[in-house]
Amino acid sequence: MYKIVRNMSRMRFGFSKKIPTSQLNPKCLAVNLPPLRRASSNKSQNIYLVDEDDSSSSESSTNINKYTQRTHTCGELTIDNVGENVTLCGWLEFQRMDKFVVLRDSYGVTQLLIPDTDKKTQKLLQALPLETIIQVKGSVLSRPANMRNEKQQTGDVEVYVEDFVVLNKARDNLPFNIREFQKAKEALRMQYRYLDLRFPLMQRNLRVRSEMLMKMREFLVNRCGFVDVETPTLFKKTPGGAQEFIVPTRFPGQFYSLVQSPQQFKQMLMAGAVDRYFQIARCYRDEGARPDRQPEFTQLDIEMSFANLDGILELVEELLCNSWPDFLAPLPKKFQRISFADAMGRYGSDQPDVRFGFQLQNCTEVLKLNSKLVTADDFGAYCLVFPKEYANLGKSLKESFTELSKQYPLAKLVQSKVATPKEFASKIGKLLGESVATKLCGQVDLGDDSVAFLAYGDKRHAQNLLGKIRVNYVDYLETLGVSVKKKGMHILWVVDMPLFEPGETPGGLKSAHHPFTAPNTADLDLLEKAPLQVRSLSFDLVLNGNEVGGGSVRIHDPHLQEKILQMLGIDKSSMQHMIDMLSSGCPPHGGIALGLDRLMSKILKTSSIRDVIAFPKTFEGKDPLSGAPSPVSEADQKLYNVKSIFPVK
């Protein structure tokens, strides 16, 4: 808000009477007055705009002490603050000799010095449990040169305490101490998550996440004109896809479902002319938890009308480049693209880790020379070789790969140390046939004292098996101290994904992405005669060998949507609302969902996404903090028309 000043000599600056300009001290004006700016009007050159309170509306930096009882945080005092009177609040982290105290808050630690004459506070400290909340007032002193702590942000100073107040005394013997060198087991830390959140690492993770999400919001809203729209969590069960959580209602036999994603809603927003939508969305899947998966998770959901595949990919590239944390090297402006077929053929994975080489070598045609080896309609054979300097195939590792191969029963695995290519050919000659073995060793890039893995049979099983071995073998080498993976963040797009995958029943189909994914127009003639060969307009975003996002161009033609539902065996009536929506005049559209938990986990290099979530679930999908899920009373069961087969405890 501004005041219009026409005559500086008549302006009031908080005084009770008018003061002539001649009596005003120019230096005081320079210090105390907000900046003057000439008004835009050209009619009156002596009119100025004066901010009434410029300090409150345009601060140069975030004031994290405003509205609080403290003047500074425990992480910001420096040598420049020496002599100042300050007020600090935080947790009692450590005390020594009832004189030296370390105070911690969300921003760092500060050493406090209790005066020798303050016997009352010294006596109080003797029985005060760690993690007690205290407030201190005092003056900032410079530490003696030989007592400065260069590893500590506030290590040059300490606060000479003049007033010591206990705001909330912690109970004795907390479940664990906030000490990096003696961290409790994760199960215990999750049970008392509010204590675990006090660790500096968790504080950093949550703050980096918050900052990155804010940058994403600002980019989408302020620079791209997107609209943030909340969509319902309670919805109708969706046929196909992941298992959903079912929510009982007061209507007998009627249930809600917790949405897997806002997929249907965001498409309906496109039909509703909200042509640029995004949302930080909570999603739910009733699946087993893993280090990179939770039953409830968060994604950045984006949808855009009149957009093709290239436009969506370009949007995400600019979004991530603009929101990328400063402590990491910048991302390339254009991300590498690789086709699904190329990713599977070279890396044995649709989320390839390109931080290291050791690509699969295709030897399908060589093994086809022995018809007895061809045991699948879609036959494939691939070899994976690690040269001498990376050769380390011990008994336990071989056994683990043998166990792994059982997950891919349609492929056979051969794993062996290779003294020489000739010796290897002789060794596998009985299995493959001598001529095939000889030709194989001539085609594959083998070296003396290397390690070779050969998988053949069903093409997809053979590729996936070697893809897993490729990653697991390199991970094993790195545990031994052998550096294999390139440093930094390596990001790429996987495109030309298949539209369908084989279904659970012979000849059946299921969506590789979801039922609303558009097929590649170049493959429309294959829908009837070879549906498994149809490529989709879907794509995945892969970071360091982990999928962190996925999306597609959607079907906007209601007739094509009906056909896809029919091919998938999905009852049209269950999706009639979507068909009606597409028939109402729905523009071409597409979008993407970025898995924020997984993305932040990769950026912050945590071993689990639980380390970037404030209150995560366990591997079993349980909440150790509250004990959820928990039984409900018989009265609630009756109200919601459900009956537990187990007695209520």
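Of note:
- Between the amide H of Gly90 and those of Ile134, distances stay under 5 Å, these residues lying 5 or more places away or on another chain, with hydrogens modeled in the peptide plane.
- Under a model in which nothing but the beta-carbon of Lys, Arg (+1) and Asp, Glu (-1) is charged, the chain shows a dipole of about 1400 debye around its Cα centre.
- For region 451-502, accessible area per residue (1.4 Å probe, heavy atoms of protein chains only), Å²: 36
- Across region 404-465, C-alpha contacts under 8 Å between residues 6 or more apart give a mean separation that, scaled by the residue count, equals a relative contact order of 50 percent.
- Test item: Cα-centred dipole of region 139-198, Lys/Arg +1 and Asp/Glu -1 on Cβ, debye: 380
- Identified option (computed semi-axes √(5λ) of the Cα gyration tensor in Å; candidates (i) 56, 36, 28; (ii) 53, 30, 18; (iii) 48, 25, 23): (i)
- Mean Cβ neighbour count within 10 Å, used as a protection proxy, ranking 538-544, 518-524 highest first: 538-544, 518-524
- Treating r as the C-beta distance of Thr375 and Ser607 and R0 as 45 Å, the FRET efficiency rounds to 0.70.
- Ordering Lys151, Lys237, Lys563 by accessible surface, largest first, gives Lys151, Lys237, Lys563; the 1.4 Å probe counts only protein heavy atoms, with every chain in place.
- Across the chain, Cα pairs under 8 Å and at least six residues apart give a relative contact order of 11 percent.
- FRET efficiency, 1/(1 + (r/R0)^6) with R0 41 Å, evaluated for Leu625 and Glu150 via beta carbons: 0.60
- Alpha carbon centroid spacing (whole Å) that separates region 619-649 from region 492-550: 39
- Counting only alpha carbon atoms, the long axis of helix 558-567 and the longest principal axis of the chain meet at about 60°.
- Gyration tensor (alpha-carbon) shape descriptor, region 83-185, a/c threshold 1.5: oblate
- Cα→Cβ-extended label distance, 7 Å offset, between Ile133 and Asp557, nm: 6.3
- Label point of Asp163 set 7 angstrom out along Cα-Cβ; within region 60-90, amide nitrogens under 13 Å from it belong to 69-71, 85-89.
- In Hz, Karplus ³J(HN,Hα) per residue of region 448-459 (6.51, -1.76, 1.60; θ = phi - 60°; x = Gly, Pro): 4, 6, 9, 10, 10, 10, 10, 10, 8, x, 4, 3
- Among the GluC sites (Glu not before Pro) within region 453-556, those in coil by DSSP and having at most 12 neighbouring Cβ atoms inside 10 Å are Glu504.
- Over region 532-649, accessible surface divided per residue gives 48 Å², non-protein components excluded, 1.4 Å probe.
- Acute angle (nearest 10 degrees) that the helix 200-218 long axis makes with the longest principal axis of the chain, alpha-carbon atoms: 80
- Applying the Karplus relation 6.51 cos²θ - 1.76 cosθ + 1.60 with θ = phi - 60° to region 254-269 yields 3J(HN,Hα) values of 10, 9, 8, 10, 6, 5, 5, 6, x, 3, 5, 5, 5, 5, 5, 5 Hz, where x marks Gly and Pro.
- Among the listed pairs Lys185/Lys617; Lys333/Lys468; Lys417/Lys439; Lys368/Lys459, those beyond 21 Å (Cα-Cα): Lys333/Lys468
- Accessible surface calculations at 1.4 Å, restricted to protein heavy atoms, place region 155-241 at 59 Å² per residue.
- Ranking Gln267, Gln254, Cys283 by how far each Cα lies toward the positive end of the dipole of region 230-289 (charges on Cβ) leaves Gln254 at the top.
- Portion, in percent, of the accessible area of the chain that falls on carbon or sulfur, probe 1.4 Å: 51
- Anisotropy class of region 356-479 from Cα gyration tensor, a/c 1.5 cut: oblate
- Potential lengthening of the chain between Lys120 and Gln243 amounts to 38.1 nm, from the contour at 0.36 nm per residue minus the alpha-carbon distance.
- Residue ranking by accessible heavy-atom surface, 1.4 Å probe, largest first, among Glu158, Glu211 comes out as Glu211, Glu158.
- Local electrostatic count, Asp377, Cβ distance below 14 Å [Lys/Arg +1, Asp/Glu -1]: +1
- Potential extension, Thr62-Asn472 segment - 0.36 nm per residue separation minus Cα distance: 143.1 nm
- Using the rule -39500 (n - 2.57) for each DSSP H run of four or more residues, divided by the residues of the chain, the 222 nm mean residue ellipticity is -7500 deg cm²/dmol.
- Backbone HN-Hα couplings from phi across region 347-360 [Karplus 6.51/-1.76/1.60, Hz, Gly and Pro as x]: 10, x, 7, 8, 10, x, 8, 9, 6, 8, x, 6, 7, 5
- Euclidean distance of C-alpha centroids, region 337-372 and region 223-238, integer Å: 38
The values are calculated or read from the model by the stated rules, or taken from the named source; none is laboratory data. Source: prediction; values computed, not measured. Cβ sites come from the backbone with ideal geometry, for glycine too, and all protein chains shown count toward neighbours. Ligands, DNA and RNA are stripped out before the accessible areas are found, and what is left, the full protein with its side chains, is counted by its heavy atoms. Shrake-Rupley method; radii C 1.70, N 1.55, O 1.52, S 1.80 Å.
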